[in-house]
Amino acid sequence: MLSKSMQEALNQQVKLEAASSHAYLAMASWSDIQPGLDNVAEYFFTQSEEEREHMLKLMRFINERGGFALVPALEQPVVTFKSLKSMFADFLKHEIEVSSSINELVDQALSEKDYATHNFLQWYVSEQIEEERSARVLNDKLEMIGEDKSGLYLFDRDIMMTRQQGGKK
Ligand code: OFO
């Protein structure tokens, strides 16, 4: 059984995962209307769906453990970006924030001796390591490419491989 405070904290994470899904959906749509970024758009559409799955997984856990998972209200995310580089910088920043939020949940689970939640959260800990890694790799690549058009062409062509290398389909 979840404590009231654990339940509230997990519901906050539900909201953060939903907000991530929304933010990445906006990145997908913006990329979709830029010339030559079809695969970047696909990358963020997929990423957005994945964040929704993270949200659902949390909601099911909260309900299974005797809590009540709340569907969160969401604000409109940032929908336009000044460049591809700035969008990817936001992506990394966002993932770092999510990781730190997961770490706080792990802390709370430990301090409440809630080992079931602690165990459940380990999946998110591993997932965040992977997601931060992908976001860092992509930011590093963009840094190297700079304004080089053929580099950007290859970046778009190969972006889905970044997911596969991280074990994602
Ligand atoms: Fe939910 O996995 Fe990243 O944010």
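The values are calculated or read from the model by the stated rules, or taken from the named source; none is laboratory data. Every value quoted in this text rests on a predicted model; they were computed, and no experiment measured them. Neighbour counts run over all protein chains shown; Cβ positions are idealised from the backbone, glycine included. Ligands, DNA and RNA are excluded from the accessible area calculation, which covers all protein heavy atoms including side chains. Shrake-Rupley method; radii C 1.70, N 1.55, O 1.52, S 1.80 Å.
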Quiz item: Regarding Leu74, is this residue without any contact (Cβ under 8 Å) to a residue 40 or more places away in the chain and either open to solvent by 20 Å² or more (accessible area, probe 1.4 Å) or closer than 26 Å to Trp30 by Cα (or both)?
Solution: no
Quiz item: Within segment 112-144, which residues are open to solvent by 90 Å² or more (accessible area, probe 1.4 Å) and either assigned to a helix (DSSP H, G or I) or within 16 Å of the ligand (Cβ to nearest atom) (or both)?
Solution: Tyr115, Asn119, Trp123, Ile129, Arg136, Asp140, Glu143, Met144
Quiz item: away from the ligand (no atom under 11 Å from the Cβ) and closer than 26 Å to Asp158 by Cα, is that true of Val98?
Solution: no
Self-check item: Candidates Ser5, Ser21, filtered to the one that is assigned to a helix (DSSP H, G or I) and more than 21 Å from Thr117 (Cβ to Cβ)
Solution: Ser21
Quiz prompt | Condition broken by Ser150, with the remaining ones in (1) small (Gly, Ala, Ser); (2) part of a helix (DSSP H, G or I); (3) open to solvent by less than 40 Å² (accessible area, probe 1.4 Å) satisfied | solution = (3)
Quiz item: For segment 24-72, how many residues are touching a Leu at 6+ places or on another chain (Cβ under 8 Å), within 16 Å of the ligand (Cβ to nearest atom) and assigned to a loop (DSSP other than H, G, I, E, B)?
Solution: 1
Quiz item: Residues in segment 17-47 that are over 19 Å from Ile159 (Cα atoms) and in contact with a helix residue (DSSP H, G or I) (Cβ under 6 Å, 6 or more places away or on another chain): how many?
Solution: 3
Quiz item: Applying the selection to segment 101-111, what residues are more than 14 Å from the ligand (Cβ to nearest atom) and not charged (D, E, K, R)?
Solution: Val106, Gln108, Ala109, Leu110, Ser111
Quiz prompt | Check on Arg163, assigned to a helix (DSSP H, G or I), closer than 21 Å to Gly36 by Cβ and within 16 Å of the ligand (Cβ to nearest atom) | solution = yes
